[in-house]
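Input: a single structure, listed below in structure tokens.
Each value in this text was obtained by applying a stated rule to the coordinates, not by laboratory testing. As the structure is a computational prediction, the values presented were derived from the model and not from experiment. A quick note on method: Cβ atoms are made from the backbone with ideal geometry, for glycine too, and the neighbour counts reach across all protein chains shown.
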Amino acid sequence: MGSDLVVAAESLRDRATSYWDASPTEAKCLVRPETTEQLSRVMRICHEHRQSVVVQGGLTGIVQGAASTAADVIVSLERMDAIESVDAADGVAIVQAGVILQTLQEHVADKGFLFPVDFGARGSCTIGGAVATNAGGINVLRYGMMRSVVLGLEAVLADGTVISSMNQMLKNNTGYDLKQLFIGSEGTLGVITRVVVRLYPQTSSRDTAMFACASFDAVARQLSVLKTNLAGTLSAFEVMWNSYITAVTGDGGHVSPLDRSYPYYVIAEAEGADPEADAERFQRLLEAGMECGDIVDAVLPKSEGERRALWSIREEFEMALPAYLYDVSLPIRHMEAYVTRLQERLLAWREDAVFEVFGHIADGNLHIFVKPFADNAHHDAVDAIVYGCLEGLDGSISAEHGIGIDKKSWLGLSRDDDELELMRGLKRLLDPAKLLNPGKIID
Ligand code: ZN
């Protein structure tokens, strides 16, 4: 099968556990197949020997969904990194699982297309990992999560069986939609090897603004105004609470283009096809927002550099770390009550508790950082508060990060017993020997 197919355990000590954890990778070995057939043979051998297998992508996930132990074999699809085809008529690309997200975005952009799923880890995460974790990010309000842009896929099951569900059409109503079993399964039901993704026409205008609001009601109202009046071109609406802006701007952080004392900040971006008219409409809506008092201050970037600087406030938050990272979702109507409840309970837990909130909100998603962070000393206590505050608010303990190991014990807050039993049934059906990514999502 080729001499560099297998990386031995001792060589793995040079590989970091993940983007977030520099300690060396633990495993029996790492296997790097070049083809689906090779992977199928590897999986068959592992199955015969009852050998557990952990699949790894770009290792940018934050719930330990790709964590391995010294007892596991790691499969990496880093050598299956070809963009096999781009079909301009259908707006479809066929890509192998090891392709880096940004590579795909740039490749199809050269052909006039947009691959719309986008998030901060674009330069190192892989398509296979993004599909396996149903990644979300900043454009979800317009294009949906990874699940929405996958038309078909190929996966290798625990026993080596290759399931080829490489559908290329938007319409194909032929029974159970098998690809959905693997999307978001975090490597527990099969190894995704190739994916058919949907492409969108590239946009030719882009208008961006950062603005401040005095109340959450004003934020929610402006989201509604922009969604309604931008004719579907609103592609991002990122909200940052004052706590977040205070943490990432100022001394040692970003330069805030707006006064740092407002309660809420928004980065809104619209992408359309008529630069002049789109810019005029975008500015008119912001002016109307200021006239009605919803928007209390605003800045429009005058260059791509200024635009990138605005986005860096949202995407580069190292100065706010280390912290416990959370990723919950709930309906917009409950968000303000949730954050108020969270503040009360965190301060009741510890007077010196600090937390920062930001998120995509149009898709229900809030990210929360909580400190003090003392390694993992307070992890369970903080988990209990952050997830406990969701009670009665129709929320979810994971908006886009998945479950992995970190959120496994809390899954029962978001899924009922019948749902969990059906999940276990699917796992028993597809991986009866429990060899794939053991210990993740469910036991
Ligand atoms: Zn996010």
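Listing for the model above:
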| read-out | value |
| --- | --- |
| Three-way shape label, region 372-443, alpha-carbon gyration tensor, a/c 1.5 | oblate |
| Cα gyration tensor shape of region 125-184, rounded if a/c is under 1.5, else prolate or oblate by comparing a/b with b/c | oblate |
| Between helix 417-430 and the chain: long-axis angle, C-alpha atoms, 0 to 90°, nearest 10 | 40 |
| Cα centroid separation, region 379-405 to region 197-224 (Å) | 26 |
| Positive minus negative residues near H360 (Lys, Arg vs Asp, Glu; Cβ under 14 Å) | -4 |
| Total charge dipole magnitude, the chain, about the Cα centre, Cβ charges on Lys, Arg, Asp, Glu only, Debye to nearest 20 | 920 |
| Cα-Cα P(r), region 1-150, percent of pairs per 10 Å interval | 11, 38, 33, 16, 3 |
| Trypsin sites (Lys or Arg not before Pro) within region 1-63: DSSP coil, no more than 11 neighbouring Cβ in 10 Å | R50 |
| Per-residue Cβ neighbour rank within 10 angstrom, fewest leading, I313, I397 | I397, I313 |
| Amide hydrogen neighbours beyond the local backbone of C29, cut-off 5 Å, H modeled | I74 |
| Per-residue ³J(HN,Hα) for region 84-99, Karplus 6.51 cos²θ - 1.76 cosθ + 1.60, θ = phi - 60°, Hz, x for Gly and Pro | 6, 7, 10, 9, 6, 5, 8, x, 9, 10, 10, 10, 7, 5, x, 5 |
| Helix 275-291 axis, angle to the chain major axis (alpha carbon atoms, nearest 10°) | 60 |
| Gyration tensor verdict on region 110-248 (Cα atoms; rounded if a/c is under 1.5, prolate if a/b is larger than b/c, oblate otherwise) | prolate |
| Inter-label distance for K408 and E106, nm, one decimal - labels placed 7 Å from Cα along Cα-to-Cβ | 3.7 |
| Top of K227, K407, K171 by mean-square fluctuation, Gaussian network on the chain, Cα under 10 Å | K171 |
| Antiparallel content of DSSP bridges confined to the chain, in %, to 5 | 85 |
| Long-range HN-HN contacts of T193 with modeled amide H, under 5 Å | E154, A155, V156 |
| Sequence-distant residues sharing a close amide H with S205 (under 5 Å, placed H) | G272, A273, D274 |
| GNM top mover of S18, S256, S68 - the chain, alpha-carbon springs below 10 Å | S256 |
| Sparse-neighbourhood loop sites, chymotrypsin sites (Phe, Trp or Tyr not before Pro) in region 158-221 - DSSP loop, at most 11 other Cβ within 10 angstrom | Y176 |
| Cα centroid separation, region 1-54 to region 155-191 (Å) | 22 |
| Fraction of antiparallel bridges per DSSP, region 1-114 only, in percent to nearest 5 | 55 |
| Hz values of 3J(HN,Hα) by residue in region 245-254 - Karplus curve (6.51, -1.76, 1.60), Gly and Pro given as x | 4, 4, 6, 9, 10, x, 3, x, x, 6 |
| Helical mean residue ellipticity (222 nm; -39500 (n - 2.57) per DSSP H run of 4+; nearest 500) of the chain | -9000 deg cm²/dmol |
| Residue exposure sequence - L114, L393, L101 - by fewest surrounding Cβ within 10 Å | L393, L114, L101 |
| Among S261, S235, S414, residue whose mean-square fluctuation peaks in a GNM of the chain (springs only between Cα atoms under 10 Å) | S261 |
| Dipole magnitude (debye, nearest 20) for region 287-443, charges at Cβ of Lys, Arg, Asp, Glu | 540 |
| Lys/Arg +1, Asp/Glu -1 at C-beta; region 61-161 dipole; positive extreme among A121, A71, H107 | A121 |
| Test item: Cα-centred dipole of region 199-329, Lys/Arg +1 and Asp/Glu -1 on Cβ, debye | 120 |
| Using θ = phi - 60° and Karplus 6.51 cos²θ - 1.76 cosθ + 1.60, couplings along region 127-142 (whole Hz; Gly, Pro as x) | 4, x, x, 5, 6, 4, 9, 6, 4, x, x, 8, 10, 5, 4, 9 |
| 16 Å cut-off, amide nitrogen to a point 7 angstrom out along T69 Cα→Cβ, residues in region 413-443 | 434-443 |
